[in-house]
Each structure stands twice: as C-alpha cells, then as structure tokens.
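Below is one structure, written out as structure tokens; comments come after it.
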C-alpha cells in the first residue's frame, strides 16, 4: 500500500478529529485542521466555501485533465457511549457515521500525492460540510464549486458496517436512494373527549392514513422495484379531555428511481385525499426530494472498480454491488459532473459492525491506509502520465 508509511500519522489525525466532532456547518475544528495540513503539504487551499468547506488544489505536469475527490466532515448530535481514549469530548456530538475516517483517508492521499504523486493534471481535494442534512454539497455548488474549479469528474466513498473489512463495492447506475420528506397536515374539528360524535378526530383519521401509507410499497409498487415509506412523527393539538382538531404526520420515503419516487408521491396524495374525504375533512400534502438518487456514470464506475482491483485484487472488489437504501448528498455533485460513489467495508465485529448513527459505532482504523491508498491509485490511474 502506497500510504503504509503514513499509518501512525493517519491514526493520530483520525482520533483527533473523532475527539472534536461538530455538526452541520459548524465544522470549524476539522476545517481549520484540514486547511493547515494541506498548506503543510504544499497544496493550494481555498476555505470558506459553504462556510466550513475546504478545497485543496494540487497540479503537476501540463495536462488539462482533472479529478475531484470528496470527503464529508460533519458529525451527528449523538452522545457517544464508547469508552476508548479518543471518544468524543463534546456532549451530544459524535462521529457516528465515520466522516472522521473519510476526511483522514483523503488527507493521507493528499499528503502522498503532494510528496510522491506520479500524475499529470490537477487533483481537487473536496472537504464538504453538512452531509447529514443534505445541504453541504448543494451549498458548495451554489457557491461556485464547479464554476470556479474545472473538475472533469468527481468521486466519493462511504464506509459500510457489516461489510467485510477493506473490501470495495460499486455499481453502474443507482447505488443509494433518494431521500424524500413528506408532511401531511390534517384539518379536522376538535372537541370534548366525551363527545367524539361532535368532532372530527384527527387521531382516528391520521391513524387510518398511517396504516394506508404502508400499502403503497406492499400493494402498489412493482415487487422488482424498491421503495420505503416510513412515518416518523404524528403530532396533534389534542390535550387531556380534548380531541385534536389538527394533526401533522411527518415521514421519510426512499426510492432507487424517479419513476418509483413519482409513484409513491402520487399514491400518497390519492390515499390522503380519499381517506380525508370520507371523513369530511381536508388535508395538505407536502412532498420534497431533499436528496436525489446517487447515480454512478458507467465510465466512472468502471474506473473506480479498476482502481480497487489493481490495489486489492478482483476478490476484494464487487463491481456490481447491491444498491443501499440510504441517501447521500454526493448525488448532487454527481448530478453536476460525471461521478462515482464507492463503498468500503468497515468490518463485521464489535463497534466496527454496529450500524451507522449508533452511539457505540466506530470507524475502523484498518481502513485508513487502504482508503488513502485507493484514492492515490484512482488519481494516478485517471491522470496517468
């Protein structure tokens, strides 16, 4: 592995980032650390893109070809329950999704490529804030990421607990789902709890809507397609002895294609309208796509798989991995320029196998050299002398 000599330094950087987690658009500690390290490596640094975002620019040779590599920096509002020495030092803040590891791997690649890189062209190291709320990529683009930097193609990576440590996976086409947030506001008629016949109880109406929403995937969606509809909140203005007049249902829908997403929205609106009409009440439905499907372009997917196979062998890379039912705002970057998203196994045991966003999850330090070496391999492959 090309970055093997950086192992101890990578672990030190990762543990430091893990101890100082900050959430969306507040990632000042990581942003400053990244900028200072990039400057130490001799890399041109641009800060303040989407507030805390950082872009490093490394050019060698005379070619006009370029590649962008993105890592996310933000943490989550979770109280960490791990007890190791580098656990979070900030209450209700934790790197529970491995972004500390993603950042460290890209820093390791940047250091190696600046000092020993064998390529002809320009590499853009993109350190993005606020992946968790899916606003970071959008904001960086709005503030000129692709206008101000000539990026031919862009790549990103995420660790996957439960997947064998250090193995890679990608695919052509959709690899992660869209995220779609919905709100259903039911406008009924409140009243006394002892006189339900004189009210239009939104709890009863809302309960029927919640149950009916589960038939969209089970009875409306083609079984060979994939989708998820989850209700996450049901809020009313009811009190003790008071039947609610208003009810708000909130939830999250996921889909691997725009056709499926459209079908979910249309059926949701039909079900809500039908149920509310039968009770003589009205409702408003809001359905917003906050994150599109992460779509890997064939050319970039082939390049990403080739780099993994060169680095680790064919048995360590699945070039047609099953898509994953989570969303990623890297999708917004790859909508703007050709790109590919790669998955890397975090391991199956202990804290490494715990689900992302768990209070006892941890990024596997064994991936630091593999991941940074992968970025080196990919960059040198795409910008070959």
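On each of the three principal axes of the Cα atoms of region 80-212, give max minus min coordinate, whole Å, ordered largest first.
79, 43, 29
So if I take the alpha carbon set of region 59-113, get Rg, then get Rh from the Kirkwood formula, what is the Rg over Rh ratio?
Using only Cα positions, Rg/Rh for region 59-113 is 1.18.
Arrange the following residues from fewest to most other Cβ atoms within 10 Å of their Cβ: 272, 228.
Going from least to most buried by this count: 228, 272.
Report Rg (one decimal) and Dmax (nearest whole number) for the chain, counting Cα atoms only, units Å.
Answer for the chain, Rg first and Dmax second: 23.4, 81 Å.
Suppose each label sits 7 Å from its Cα in the direction of the beta carbon; what would the residue 208-residue 90 distance come out to in nanometres?
Label at residue 208, label at residue 90, 4.8 nm between them.
Answer rounded, prolate or oblate for region 290-385, using the Cα gyration tensor with square roots of eigenvalues a ≥ b ≥ c: rounded when a/c is under 1.5, else prolate when a/b is larger than b/c, else oblate.
Taking the square roots of the gyration eigenvalues as a ≥ b ≥ c, region 290-385 is oblate.
Rounded to the nearest 10 degrees, what's the angle between the helix 28-40 long axis and the longest principal axis of the chain, both from Cα atoms, 0 to 90?
Approximately 20 degrees, to the nearest ten.
With just the Cα atoms defining each centre, how far is region 19-92 from region 184-238? Give it in Å.
42
Rounded, prolate or oblate for region 226-330? Axes are the square roots of the Cα gyration tensor eigenvalues, ordered a ≥ b ≥ c, and the cut-off for rounded is a/c under 1.5.
Note, shape of region 226-330 comes out prolate.
At a Förster radius of 30 Å, what calculated FRET efficiency corresponds to the Cβ-Cβ distance of residue 60 and residue 16, to the nearest 0.05?
With a Förster radius of 30 Å, E is 0.55.
Give me 119, 168, 279 sorted ascending by neighbouring Cβ count inside 10 Å, so fewest comes first.
Result, fewest neighbours first: 279, 119, 168.
Given bins 10 angstrom wide, list per bin the percent of all Cα-Cα distances in region 1-150, short to long.
Answer for region 1-150: a P(r) of 12, 41, 34, 12, 2, 0 percent.
Calculate how steeply helix 298-312 sits against the longest principal axis of the alpha-carbon atoms of the chain, using the helix alpha-carbon long axis, and give the answer as 0 to 90 degrees to the nearest 10.
Roughly 60 degrees, rounded to the nearest 10.
Full extension from residue 385 to residue 288: what is 0.36 nm times the residue separation minus their Cα-Cα distance, to one decimal in nm?
30.4 nm
Helix 258-279 against the longest principal axis of the chain: what's the angle in degrees, Cα atoms only, rounded to the nearest 10?
Computed tilt is about 20 degrees.
Work out the P(r) tail for region 224-284: percent of alpha carbon pairs separated by more than 13 Å, whole number.
Value for region 224-284: 71 percent of Cα pairs lie more than 13 Å apart.
To the nearest whole percent, what portion of all C-alpha pairs in region 178-291 is separated by more than 26 angstrom?
When every Cα pair of region 178-291 is considered, 22 percent fall beyond 26 Å.
Extension gain residue 143-residue 222, at 0.36 nm per residue separation less the Cα-Cα distance, in nm?
Length difference between fully extended and current span is 24.5 nm.
Every read-out reported here was derived from the displayed coordinates using simple, explicitly stated rules and does not represent laboratory data. Since the model is a prediction, treat every value here as computed from it, not as a measurement. A quick note on method: Cβ atoms are made from the backbone with ideal geometry, for glycine too, and the neighbour counts reach across all protein chains shown.
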